[in-house]
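The values are calculated or read from the model by the stated rules, or taken from the named source; none is laboratory data. Treat the numbers as computed from the prediction; the structure is a model and nothing was measured. Note that each Cβ is placed from the backbone with ideal geometry, even for glycine, and that neighbours are counted across all protein chains shown.
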Amino acid sequence: MKFICLTFLIIYGITDSRSEQYEVVGFVDPVFAVAGEDVILPCSVKPSISVEDMRVEWFRSDLKDSQLVHLYEDHEDGNAEQIESYRGRTELTHQELERGNASLRLSSVRVSDEGRYKCFIQSKSWYDDVTVDVSVEAVGRPPVITVDGFDDSGGLHLQCDSEGWNPEPVLEWLNREGVRLSSETTETHRNTDGFSVRHTITVYERNSKIHCRIRLRHHMLETQIITSNKRFNPGRTSIILISAVFVLVVIAGMLIAACVRKNRELGQLNNENRKIEREHDDLQKEKSRMQQECGRLQNVRSRIQQEFSSEHDQLEQEKSRIQQEMKTGKEDK
Ligand SMILES: *[C@@H]1O[C@H](CO)[C@@H](O)[C@H](O)[C@H]1NC(C)=O
């Protein structure tokens, strides 16, 4: 399409040299935009003629795939093919088009709007374009300092994070006197939201203020942390730990001793119990032996009683026999 136009233009140019007087102009310098604010991307035809009947196309020449930012054609805006992220944020002032002004208003600028734009204007008889570079300045979030632990030598590990900057900001650590401290590790990531930075440092100063400062041109954001003069002494921690362990060992020892003593007492009681049981058995045996003896003695007694009573009977018989004899003796006399 452009090729056909170009061919057409060359042919037209030969026949009508008047069209060569027109050119599309913008800014030589890049346009600075501030994230969140609106920006005008300048583009106009010189000398000024109305572009109302022309085709005005704004596109991103630095992007590979879809490139359309804003299209004006057949007296109206046609943004069906527009890049998604520009939806509802672009505007051409139609009165200005009459004056040859095809500047694009881009509202609530984002970091992702940074890049190279082309303003392409085409009439039946000619076309031209101009490149407009846009750089976006975004002031990020205030830095956040995180205490990321301490080491054996009492050093305090600090980490400072901040995100949403564009272009890349400068992050630095400062002590109470404002002297720069060099970061241990530095990380920078870039996404559509801008740059995020993370620096770490190990601090040995006590009772001091440490600042994390982020600068971008004349913008500056800062956060501070106050390190206490209490040492994060790992020695003390281990003493506390050792004491705790010692106390635990002592308690455990006492418990074990108590258990052992209880066990020993229990054993003694058991022994005692067994002895008593044994004695009880002995006594039982003695008792049954006594009972046997008692039974035997009773037998003896009853036997003696029997003997005695039979003796008695014999004697009684003897006695009555003698009395009988005496009676008969008297009668004989
Ligand atoms: C072109 O139009 C824009 C608004 O779309 C305006 O801000 C700008 O001042 C105009 N430029 C000139 C040179 O008139």
Q) Quick check: is even one residue across the range 39-60 touching a Lys or Arg at 6+ places or on another chain (Cβ under 9 Å), among the small types (Gly, Ala, Ser) and under 18 Å from GLU114 (Cα atoms)? A) no
Q. Do we find that SER125 is more than 48 Å from the chain's Cα centre (by Cα), at pLDDT below 95 and surrounded by fewer than 18 Cβ atoms within 10 Å (Cβ to Cβ) in this structure?
A. yes
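I need a count of the residues in the range 204-243 that are modelled with pLDDT under 90, hydrophobic (A, V, I, L, M, F, W, C) and within 29 Å of the chain's Cα centre (by Cα).
Applying the first criterion (modelled with pLDDT under 90) to the range 204-243 yields 204-208, 227-243.
With the extra rule that they be hydrophobic (A, V, I, L, M, F, W, C), the set shrinks to 232, 239-242.
Those left that are additionally within 29 Å of the chain's Cα centre (by Cα): 232, 240-241.
Adding up the residues that qualify gives 3.
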